[in-house]
Amino acid sequence: MPWESGSDHTSGGRLPIMSTRRAARDHSQSAPIDPCVKTDMSAAIETKDVVVVGAGVAGMAAALGFAHAGLQVALVGPAPRVFARSAAAPFDERIYALAPSSIALFGRLRVWPHVDAARMQAVARMRVFGDAGDELDFDAYGAAVERLATIGEEAELLRVLTAACAFAAGLDREIASFVSMRVEGGDARVDLAGGRTIGARLVVAADGAGSAVRAAAGISAEEHVYGQTAVVANFRAQRAHDGTAFQWFTAEGVVALLPLPDHAGEPAVSLVWSAPAELATKLLELESDDLARRVTARTAAMLGDLSPLGRARGFPLRQLKVARLVGPRVALVGDAAHVVHPLAGQGLNLGLADVSELVAVTAGREVFRDTGDPVILRRYARRRAEPIGLMRMTTDGLARLFEVDDPIARRLRNGGMALVNQIGPLKRALIRHALG
Ligand SMILES: Cc1cc2nc3c(=O)[nH]c(=O)nc-3n(C[C@H](O)[C@H](O)[C@H](O)COP(=O)(O)OP(=O)(O)OC[C@H]3O[C@@H](n4cnc5c(N)ncnc54)[C@H](O)[C@@H]3O)c2cc1C
């Protein structure tokens with residue numbers, strides 16, 4: 001997973017929301033089994049409409065969506081991080097630019113009203129600079145939308161989703177790691193660390209880029225390593241950002257400064273610098289103040305002098321393309337289904353769009369089909385193939401175009417940027433695409 005989680009995958013256990021039925025079953029599982037006595041083990045295994053593996057943002061959103069559709073759901077994953085926070089707490093360095101489509105999903109899941117609005121920042125404008133001084137400028141006003149995106153912390157999303165999952169009817173939280181699965185007697189059997197097995201009509205893999213569910217389902221994934229590492233850190237800025245997100249395509253990689261809500265009354269920004277691996281190592285070795293000076297210089301002091309707000313972290317970048325989005329009784333969502341370069345800030349948005357679509361096709365299925373019916377899974381795969389392919393091509397194309405350091409490529413990319421900036425309809429089409 002690109003933004004690694006602070007929790008471990010080995011623990012077995014459960015949150016204390018437990019049905020009586022499950023308590024009885026647990027007791028029977030811990031009792032010794034006499035091999036001479038014929039026991040129908042399948043009778044002891046509870047079968048859920050959906051088992052979602054992975055309690056990251058995509059997994060929790062999926063589990064909530066299925067539960068709201070009236071299905072019996074188990075959400076499997078290690079214990080959540082503890083989110084003790086005060087209004088003055090520094091910002092998590094894991095920041096997402098959320099597309100309006102993602103916020104609409106959080107709205108339908110009834111979690112968005114519980115997000116702390118003071119920790120969210122609207123993006124009203126975006127300025128993109130090429131390496132020959134050309135600029136592409138988008139704004140919400142020109143696109144006739146209220147905002148281009150909303151910047152928010154992963155921790156805040158996980159906090160509200162964790163609370164909502166704890167209260168959702170029909171949703172059991174299993175604090176355990178997924179170990180293996182098999183399709184047996186028409187259903188899937190999911191084995192968890194600690195020895196428990198749950199039956200499932202549908203298993204949703206939301207367990208990130210290294211998905212164990214995907215591997216267990218025999219779905220292969222092709223990886224392209226970019227040889228770049230995203231250096232991520234938050235800074236205090238000298239000048240107000242006015243809700244503008246900045247991005248520079250440079251010979252040293254793609255540098256983005258995303259606007260954050262003010263910190264202690266002062267403007268703040270989040271850096272995502274997708275740098276060649278060697279340079280990233282050097283940047284991550286710098287003292288925080290030296291890194292701040294380096295970023296100030298790299299961004300032409302657009303927001304004045306920057307000063308550090310916490311430590312920097314590095315995330316090696318890669319692209320992941322899966323052979324199939326579905327398998328028998330399995331559907332992939334989020335980073336388990338695709339990993340794209342973060343230069344467009346769209347990975348999670350793409351994953352949440354998978355969740356929306358999978359919940360919609362499942363909830364809208366014919367009465368005679370169950371949740372893991374191959375027809376439903378094919379519908380999901382068909383509807384997601386194009387948006388995922390398009391996003392992969394766009395982000396990969398841009399990442400590679402700006403990787404090449406020759407004069408022709410430089411002229412092409414900067415000329416293209418200047419052209420897009422002048423052609424209103426093309427620019428609006430690009431914005432509409434980015435808004436999701
Ligand atoms: C530098 C950077 C910047 C980014 N910026 C943006 C952005 O601005 N906007 C955007 O939309 N996207 C962005 N992304 C992409 C985004 O981070 C990912 O797409 C997103 O985190 C994927 O979420 P997920 O829930 O699918 O997977 P993950 O966040 O990887 O979650 C997977 C979950 O599964 C659990 N898990 C793993 N193995 C098991 C197991 N065996 N059993 C049970 N549970 C398991 C993990 O503990 C975790 O909770 C960025 C990525 C990077 C690297």
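Computed from the coordinates by the stated procedures, all read-outs in this text should not be read as laboratory data. Since the model is a prediction, treat every value here as computed from it, not as a measurement. Quick reminder, even Gly has a Cβ in these numbers, built from the backbone with ideal geometry, and neighbours come from all protein chains shown.
Compute the Rg/Rh shape ratio of the range 71-202: radius of gyration over Kirkwood radius, all on alpha-carbon atoms. Display every interim value, and only then the final one.
On the way: Rg = 20.1 Å, Rh = 18.2 Å.
The Rg/Rh ratio comes out at 1.11.
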task: With only alpha-carbon atoms counted, please give the Rg and Dmax of the range 310-405, in Å.
output: 15.9, 57
query: If we count other beta carbons within 10 Å of each Cβ, what is the order of Tyr380, Tyr96, fewest first?
result: Tyr380, Tyr96
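Based on a Kirkwood Rh over C-alpha pairs, give the Stokes-Einstein translational diffusion coefficient of the range 138-230 at 4 °C and viscosity 1.567 mPa s in µm²/s.
Numbers: Rh = 17.3 Å.
The estimated diffusion coefficient comes to 75 µm²/s.
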task: Could you run the Debye sum over the Cα atoms of the range 253-382, one equal point scatterer each and no solvent, and tell me log10 of I(q)/I(0) at q = 0.09, 0.19 Å⁻¹, two decimals?
output: -0.44, -1.03
query: Got a sec? How would Arg125, Arg400 order by Cβ neighbour count within 10 Å, fewest to most?
result: Arg400, Arg125
field: Selected from Ala237, Gly210, Leu271, residue furthest toward positive end of dipole (the range 206-356; charges at beta carbon)
entry: Gly210
Relative exposure of Ile45, Ile151, judged by other C-beta atoms within 10 Å (fewest first): Ile45, Ile151
message: Along the charge dipole of the range 272-349, pointing to its positive end and built from +1/-1 on Cβ of Lys, Arg, Asp and Glu, which listed residue (Val330, Ala301, Pro342) has its Cα farthest out?
response: Val330
